[in-house]
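J.: Dropping a structure here in structure tokens format, bear with me for questions.
The values are calculated or read from the model by the stated rules, or taken from the named source; none is laboratory data. Being a predicted model, the structure only gives us computed values, none of them experimental. Glycine gets a Cβ as well: all are built from the backbone with ideal geometry, and neighbour counts include every protein chain shown. What goes into the accessible areas is simple: the full protein's heavy atoms, side chains included, and nothing from ligands, DNA or RNA. Shrake-Rupley method; radii C 1.70, N 1.55, O 1.52, S 1.80 Å.
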Amino acid sequence: LGQCADPVFSLADGAEFEHSNQEVSIAWNNDGILRYTLDGSEPTAKSPIYEGPFSFSESVVVKAKVFSDDFFDSSVVTANLTRVWATVATPAIAAASSFTGSETKVELSCATPGATIYYTLNGSDPNSHATRYTGPFYVTDSCTVKAYATCYDYLDSAVTTHIIAKVWEIGDTVGAPDHTFTTGGD
């Protein structure tokens, strides 16, 4: 009697993956029944029969073994598959550092497809209860814009900060008694 050939995983032992629903398949030469486990235990004649590719979302230890009545069983083959969480790209803030007049435009963007951006204008760190970015907006006074992005199946991005200063001109203070200004004498 010979021995069944060892099964081969589509992902090598020690492979890392970033997103949920990672798929793995197991190949063998059909010289017996392929059984596997997902909890790191040794496959037995009562373990699930491999019927095709399957997916998982967290780190897992897959073990597989071919059982046969005509040959010696294969060796147990192991694949330690580790979930490594990807991080959402830090959002970009496109806005002037200072402005004159009544308002200035602020645009936010994120390089991670499908990311949702949240922002604040008061200098506090944003969270999922902050204002959700839906498109360009305008600010009318000095502020500190802070933004972060979130996306399903990713770790949240870092917070980015952009300070915008309103510069008052003489014309802005005319008729505004609470504003003062100083000129160079001309």
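J.: Using a basic spin-label model with each label point 7 Å from the Cα along Cα→Cβ, how many nm lie between Asn127 and Asn30?
T.: Computed distance between label sites Asn127 and Asn30 equals 5.7 nm.
J.: Follow-up. Could you work out the local net charge near Asp31, counting Lys and Arg as +1, Asp and Glu as -1, over the other residues with Cβ closer than 15 Å to its Cβ?
T.: Around Asp31, the surrounding residues sum to -2.
J.: With θ set to phi - 60°, apply the Karplus curve 6.51 cos²θ - 1.76 cosθ + 1.60 along segment 140-150 and write out the HN-Hα couplings as whole Hz, x wherever there is a Gly or Pro.
T.: Result, rounded to whole Hz: 10, 8, 4, 6, 10, 8, 10, 9, 9, 10, 9.
J.: Is the shape of the chain best called rounded, prolate or oblate, per the rule: a/c under 1.5 gives rounded, else a/b larger than b/c gives prolate, else oblate, with a ≥ b ≥ c the square roots of the Cα gyration tensor eigenvalues?
T.: Taking the square roots of the gyration eigenvalues as a ≥ b ≥ c, the chain is prolate.
J.: Please compute the net charge surrounding Leu11, taking Lys and Arg as +1 and Asp and Glu as -1 over other residues with Cβ under 15 Å from its Cβ.
T.: Here the count lands on -3.
J.: Just give me a number: lysine pairs in the chain, eight or more positions apart or cross-chain, with C-alpha atoms less than 28 Å apart.
T.: Taking the Cα cut-off of 28 Å, the pair count is 5.
J.: Same structure, new question: Taking H placed 1.01 Å from N in the peptide plane, check which residues at least 5 places from Thr90 or on another chain put their amide H under 5 Å from its amide H.
T.: Ala158
J.: Let me ask another. Given only helices, namely DSSP H runs of n ≥ 4 each adding -39500 (n - 2.57), what is the per-residue ellipticity at 222 nm of the chain, to the nearest 500 deg cm²/dmol?
T.: -500 deg cm²/dmol
J.: For the chain, which whole percent of the accessible surface, found with a 1.4 angstrom probe, sits on carbon and sulfur atoms?
T.: Heavy-atom surface of the chain belonging to carbon and sulfur, 1.4 Å probe: 49 percent.
J.: List the GluC sites (Glu not before Pro) within segment 55-135 that fall in a DSSP loop (any state other than H, G, I, E or B) and whose Cβ has at most 14 other Cβ atoms within 10 Å.
T.: Glu58, Glu103
J.: May I ask for the net charge around Ser68, where only other residues with Cβ less than 15 Å from the Cβ of Ser68 are counted and Lys, Arg are +1 while Asp, Glu are -1?
T.: -3
J.: Return one whole number: the accessible area per residue of segment 1-56 in Å², for a 1.4 Å probe.
T.: 60
J.: For Ser59 and Thr116 in one chain, what is 0.36 nm times their gap in residues minus the Cα-Cα distance, to one decimal in nm?
T.: 17.9 nm
J.: Points 7 angstrom from Cα along the Cβ direction at Thr82 and Leu155: gap in nanometres?
T.: 1.3
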